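Peer 1: Input: one structure, supplied below.
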Amino acid sequence: MAAARTVLLTGSNRGIGLELVKQLLGSPRPPAWIFATCRDPEGPRAQELRDLASKHPNLVLVKLDVENPSAITDAAKVVEGKLNGMGLNLLINNAGIYTPTASLETVDAEDMVRAYKTNAVGPMLMGQAFLPLLKKAAQDSKEKGLSCSKAAIINISTVLGSIKKTPDSFFHPVVSYRCSKAALNMLTVCQALTYKEAGILCVALHPGWVKTDMGTQEADLTVDTGVRSLLSVLPILSEKHSGTLLNWEGKAIPW
Ligand code: NDP
């Protein structure tokens, strides 16, 4: 299967997002455009991204805070201008936040709402704002069925958002994170059912436990291995996977 020609990611200045950018740039057929979005492209936390952009003309940095609805629509306009009539093949909603200490004893309204805003509301608004560009990519594609090279929304979720699997990992309650990612999983199904007509694949992917600021250095997978696995799943995705939650090996996780 062909690779996506135009890709946009959120939260791409560190962790899994930054590694996705690096591996996409280094792939045998790199995308024509990679829109690497982050909260502060001018700031010290985006230095690595800026270094990459200075070497790769197909990498464009775009300011985007997924908690801010007007920042999302502004970013969509910038990307539309740059694409100059082309569509967007692949939207990866990667940005996420996590409060490791949030048990039912300690979690408060503010933490709950913040997690929900970033992890679920953000991806919903991203899907809405970039829908015209995703539709354009689907319309312009000659491919049959659904695929990541045609038009797709990939929501980076987690097994911790699986209701069925919760008892296996509840020694680590992370209530706000779990609830917000369960909402993201539901959003993925709603997006899959709604956007199917437009030719857009929508899948939630669990990257595994990955060594990042969020995953900590105790995690199972290096960021290199975790992202390599995630990227190897994308080309196998088709309509039968739309509206499902899969792990980094492409195996289904129950809701
Ligand atoms: P990190 O904490 O290392 O990085 C999170 C990224 O999200 C940063 O780039 C951060 O930007 C960005 N971000 C946070 N809030 C916002 C916002 N409001 N707007 C834009 N960007 C934002 O996390 P990971 O790389 O580990 O996680 C990436 C995704 O993978 C998340 O969705 C996470 O839930 C998921 N995941 C990770 C696992 C792991 O083991 N690491 C396991 C399962 C899922 P900034 O630098 O500005 O804060």
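Peer 1: Tell me, what is the Rg over Rh of region 1-61, with Rh the Kirkwood radius over Cα pairs?
Peer 2: Ratio value, two decimals: 0.95.
Peer 1: Also: Apply the Debye scattering formula to region 121-208, with a single equal point scatterer on each alpha-carbon and no solvent, then give log10 I(q)/I(0) at q = 0.12, 0.14, 0.18 Å⁻¹.
Peer 2: Here log10 of I(q) over I(0) equals -0.41, -0.53, -0.76.
Peer 1: Nearest 10 degrees, 0 to 90: what angle lies between the long axis of helix 69-83 and the longest principal axis of the chain (Cα atoms)?
Peer 2: 30
Peer 1: Please tell me which of these pairs span more than 31 angstrom C-alpha to C-alpha: Lys144/Lys164; Lys144/Lys251; Lys55/Lys251; Lys55/Lys196; Lys142/Lys181?
Peer 2: Exceeds cut-off: Lys144/Lys164; Lys55/Lys251; Lys55/Lys196; Lys142/Lys181.
Peer 1: Another question, then. Rg and Dmax of region 105-163, Cα atoms, in Å?
Peer 2: 16.0, 53
Peer 1: For region 81-232, what are Rg and Dmax over the alpha carbons, in angstrom?
Peer 2: Gyration radius and largest Cα-Cα distance of region 81-232: 16.7, 53 Å.
Peer 1: Computed over the Cα atoms of region 1-150, what is the ratio Rg over Rh, Rh following Kirkwood? Each step should come with its number before you reach the end.
Peer 2: Values: Rg = 16.1 Å, Rh = 16.1 Å.
Taking Rg over the Kirkwood Rh, I get 1.00.
Peer 1: For the chain, go through all pairs of different Cα atoms, get the mean of 1/r, take its inverse, and jot down that Kirkwood value in Å.
Peer 2: Across the chain, the inverse of the average 1/r is 18.1 Å.
Peer 1: Rounded, prolate or oblate: which fits region 27-77, taking a ≥ b ≥ c as square roots of the Cα gyration tensor eigenvalues, rounded meaning a/c under 1.5, else prolate when a/b beats b/c?
Peer 2: Oblate, because a/c is 1.5 or more while a/b does not exceed b/c.
Quick note: the coordinates plus some simple rules give every number you see, no bench work behind them. What you see is a predicted model; the values in this text were computed from it and never measured.
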